[in-house]
Amino acid sequence: MQSKHLIRRVLAGVLSCLLLHGPATSVAANPNAYEAASSGYFRDQDTLPGAYIQYRGSSEGGGAWWGIGPGSGSVKRSSFSADAHLGVAGYGIRSCVSCHQAQRYSLHSSRGNVTCIQCHRGQPIAGIHHYYSALNPIRKHAYVCAKCHEGASPSFATYVIHEPSPLSLATAQEFSLFYYAVWLMVILAGGVFAIFIPYVSLWALRELIGLLSGRKYSHD
Amino acid sequence: MTDNVKRFTPTQMLFHFGLIITFMLLSVTGLAWMYIETAWGQVLASLFGGYAGALEVHRITGLILLAGFGIHVLYTIWSIDWKQFPDSLMSRDSMVFQWRDVKDFFLHLGWILGLSKGPEFDRWSWWEKFDYWAVWWGLIIVGVTGLMLYDPVLTSDYMPGWLLNVALWVHRIEAVLAMAHIFTIHFFIEHFRPRCFPFSATMFEGSKAIDHLRQEHPAWIARLETEGRLDRLRVPPAPVPLRILYFGVGYALIGLGLFLLIFGLANVMLLTLQL
């Protein structure tokens with residue numbers, strides 16, 4: 001237990017070095033040190049200058065991130081209703097994924113065996129943007145994520161559970177960093193194999209021919 | 001002329017062996033989690049008491065590998081010949097890519113296609129340098145993303161949680177690239193191609209038969225001879241029992257790599273994870 005705590009402390013240090021935004025500013029830099037001190041109801045990093053960014057707006061948009069984050073896709077009108085499925089024909093006898101095909105798979109369902117209603121809650125299922133929905137970004141971290149992920153913050157809750165297909169063109173709009181980073185990695189990996197596979201195949205043939213014709217040096 | 005020529009120091013062999021062990025453990029535990037939906041993934045995970053155990057081993061092994069990488073970076077800085085710096089970086093014993101490697105690549109390609117005489121490699125061929133530096137950039141990519149994913153709740157205090165979507169895919173693709181490269185290209189070049197088949201023990205023994213090196217690294221051997229350094233680097237080949245051990249351990253690891261490769265490919269369509 002002690003060592004796990006230590007690893008967390010070390011990681012927090014390393015992450016601070018990798019830091020992109022967040023509690024980089026020291027408490028001493030805050031002109032109102034009194035306000036910056038933790039009340040004990042918040043974690044230290046929540047009281048640092050800039051921490052409120054996590055609570056600003058819907059917390060889905062890129063905001064400080066030049067829009068490279070998720071949340072630029074289209075938003076369904078029904079996602080604002082108290083009962084998102086009001087008036088859907090045959091609703092009572094259908095399974096969620098019979099309509100929500102794209103949401104069928106996520107790591108949560110395929111690896112964690114989490115079911116739809118464990119996050120989207122019971123009937124009537126509110127749209128994720130409805131003000132009282134458990135999945136509304138203002139409380140999603142506490143009402144949904146923290147059920148399993150102890151200590152989940154609003155920032156943590158911006159992880160995209162139903163990931164868009166990373167290589168599809170639509171994702172370039174919806175979540176551009178995701179799209180470009182994955183494409184970059186695919187090109188890197190594809191490039192390595194596109195060069196090496198034919199290269200070593202021909203190489204093997206060449207060496208075999210050399211050996212069979214009895215040459216002493218492989219490069220003659 | 002059955003002597004060997006020393007090619008790696010014990011420290012370098014230890015780095016390579018440590019890398020093998022951590023890489024294989026990370027491969028097995030990482031694939032166990034990636035394939036946990038399939039029976040194969042569950043079998044892999046069961047070796048560690050289920051997916052939670054596999055992930056814990058993956059995390060700890062990752063930290064050990066990163067620590068080893070940190071030590072290797074220090075070792076690399078220490079190994080640089082600072083008196084001759086920066087010329088030493090461009091010496092023929094250096095791992096740094098040089099214009100010569102580009103020429104060697106095309107000469108080698110020309111030889112493969114039967115268009116020209118092959119290059120006379122010096123101490124390191126271009127693919128040896130590539131494999132070496134691939135571990136550097138590979139480890140930087142999986143290392144940074146791996147640290148981000150180590151404790152997602154903690155990480156998201158310092159950056160938006162959606163960066164973990166990106167980190168997970170980058171980590172996954174780089175890891176698949178590294179495994180596929182090692183289990184096919186690296187194994188092929190070092191062990192399976194006709195001139196090396198069935199097994200090259202250089203990284204375990206630290207030395208290689210001089211006859212083989214005259215073929216694979218003729219410019220290096222010629223340079224050692226003209227500089228009069230060859231005799232100092234000559235060592236007798238390892239005794240037979242040790243060579244049997246190297247072969248046994250080596251093939252156990254190669255076998256494990258091929259097992260992961262084959263079953264990984266065979267089960268890939270069963271994954272709901274799609275690019």
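Descriptive notes on the structure:
- Among the residues of the stretch B:178-199, the one identified as open to solvent by less than 10 Å² (accessible area, probe 1.4 Å) and more than 16 Å from B:Tyr132 (Cα to Cα) is B:Arg193.
- Restricting attention to the stretch B:81-126 and to residues that are part of a loop (DSSP other than H, G, I, E, B) and of a type in the set (Gly, Ala, Ser), the residue that is nearest to the chain's Cα centre (by Cα) turns out to be B:Ser125.
- Just one residue in the set B:Leu66, B:Leu55 is in contact (Cβ under 8 Å) with a residue 40 or more places away in the chain and farther than 21 Å from B:Met203 by Cβ; that residue is B:Leu66.
- When the stretch A:97-154 is filtered for residues that are away from every other protein chain (no Cβ under 14 Å), part of a loop (DSSP other than H, G, I, E, B) and either open to solvent by 60 Å² or more (accessible area, probe 1.4 Å) or closer than 25 Å to B:Trp33 by Cα (or both), the ones remaining, listed by number, are A:His100, A:Thr115, A:Arg121, A:Gln123, A:Pro124, A:Ile128, A:Tyr131, A:Tyr132, A:Ile138.
This table checks each residue for (1) within 29 Å of B:Leu149 (Cα to Cα); (2) touching a residue at least 24 places away in the same chain (Cβ under 8 Å).
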position	(1), (2)
B:Ile20	yes, yes
B:Phe23	yes, yes
B:Ser27	yes, yes
B:Thr61	yes, yes
B:Val73	yes, no
B:Ile80	no, no
B:Pro86	no, no
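- Filtering B:Ala175, B:Ala222 for residues that are surrounded by fewer than 19 Cβ atoms within 10 Å (Cβ to Cβ) and assigned to a helix (DSSP H, G or I) leaves a single hit, B:Ala222.
- Candidates A:Thr158, A:Thr171 - the one that is more than 7 Å from chain B (Cβ to nearest Cβ), open to solvent by less than 50 Å² (accessible area, probe 1.4 Å) and closer than 30 Å to A:Ala134 by Cα: A:Thr171
- B:Thr9 passes every criterion in (1) in contact (Cβ under 8 Å) with a residue 12 or more places away in the chain; (2) within 14 Å of chain A (Cβ to nearest Cβ); (3) surrounded by fewer than 16 Cβ atoms within 10 Å (Cβ to Cβ) apart from (2).
- Residue match in the stretch B:238-255 (condition: open to solvent by 40 Å² or more (accessible area, probe 1.4 Å), aromatic (Phe, Trp, Tyr) and either in contact with a helix residue (DSSP H, G or I) (Cβ under 6 Å, 6 or more places away or on another chain) or within 19 Å of A:Phe193 (Cβ to Cβ) (or both)): no
- Check on B:Leu66, closer than 19 Å to B:Lys129 by Cβ, within 24 Å of the chain's Cα centre (by Cα) and of a type in the set (A, V, I, L, M): no
- Among the residues of the stretch B:150-167, just one is more than 7 Å from chain A (Cβ to nearest Cβ) and touching a helix residue (DSSP H, G or I) at 6+ places or on another chain (Cβ under 6 Å), namely B:Ala167.
- Qualifying position, being small (Gly, Ala, Ser) and within 8 Å of chain A (Cβ to nearest Cβ), among B:Gly118, B:Gly138: B:Gly118
- Some residue of the stretch B:67-74 being open to solvent by less than 60 Å² (accessible area, probe 1.4 Å) and under 20 Å from B:Leu177 (Cα atoms): yes
- Residues being more than 14 Å from B:Phe188 (Cα to Cα) and either touching a Gly at 6+ places or on another chain (Cβ under 6 Å) or assigned to a helix (DSSP H, G or I) (or both) - total across the stretch A:163-205: 25
The values are calculated or read from the model by the stated rules, or taken from the named source; none is laboratory data. This one's a predicted model, so the numbers in the text were calculated from it and none came from an experiment. Neighbour counts run over all protein chains shown; Cβ positions are idealised from the backbone, glycine included. Accessible surface is based on the protein model in full, side chains and every heavy atom, while ligands, DNA and RNA are left aside. Shrake-Rupley method; radii C 1.70, N 1.55, O 1.52, S 1.80 Å.
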